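Participant: Right, I'll just put the structure down here and ask away after.
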Amino acid sequence: MAFFKEELSKIKSFIFDVDGVISHNVLSLSPDGDPVRTSNMKDGYAIMYAIRSGYPIGIITGGKTQDTKGRLDRLGITQVYMGTLDKVPCLYDFLKKNNLIADQVLYMGDDIPDYNVMTKVGLPVCPNDAAPEIKEISAYISHLNGGEGCVRDVIEQVMRAQGKWCHPEEINWSSF
């Protein structure tokens with residue numbers, strides 16, 4: 001793979017796992033036994049900004065709680081694949097729906113269920129606290145842990161490399 005910073009210019013889309021990437025690893029369980037997830041607000045802002053800037057964003061996760069789906073809906077993510085064990089078919093569906101090729105996708109995962117799909121995309125990346133096997137195949141390891149800003153880190157890097165990251169004085173905050 002080419003130098004990481006050079007690869008950023010090719011990215012047209014982002015796909016993220018949820019647990020350990022958008023959210024912290026499970027901290028506790030609800031009374032119903034579902035994981036209680038926490039997420040980083042700066043990650044959420046970066047996701048919304050990327051969507052409004054024209055980047056398709058997808059989620060491929062083994063999780064399937066309605067709380068997670070509600071959060072993703074509020075962020076504006078419409079391409080969500082939940083409760084999936086084999087993530088590769090979801091990737092191919094996402095590519096087809098968005099008229100993309102795999103080399104144009106940045107995928108951020110953190111654990112073994114992400115391994116196969118990460119080997120199929122142009123830019124596999126992971127949070128700092130990812131499993132060793134995932135770190136080995138990642139072109140970039142964020143300095144931030146899952147749920148602590150790693151999503152913002154990679155979105156901002158891609159958009160800055162492409163000259164699309166925001167200029168605060170130009171943003172119409174009421175549109176968010």
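All of the numbers you see were taken from the coordinates with simple rules; none came from a lab. Since we're looking at a predicted model, the values are computed, not measured.
Participant: Identify all aspartates and glutamates with a Cα-Cα distance to Lys5 below 16 Å; exclude those on the same chain that are fewer than 8 residues away in sequence.
Facilitator: Straight-line reach from Lys5, under 16 Å: Asp103, Asp153, Glu156.
Participant: What is the spread of the Cα atoms of the range 76-167 along each of their three principal axes, largest first, in whole Å?
Facilitator: Projected onto its principal axes, the Cα set of the range 76-167 covers 36, 32, 23 Å.
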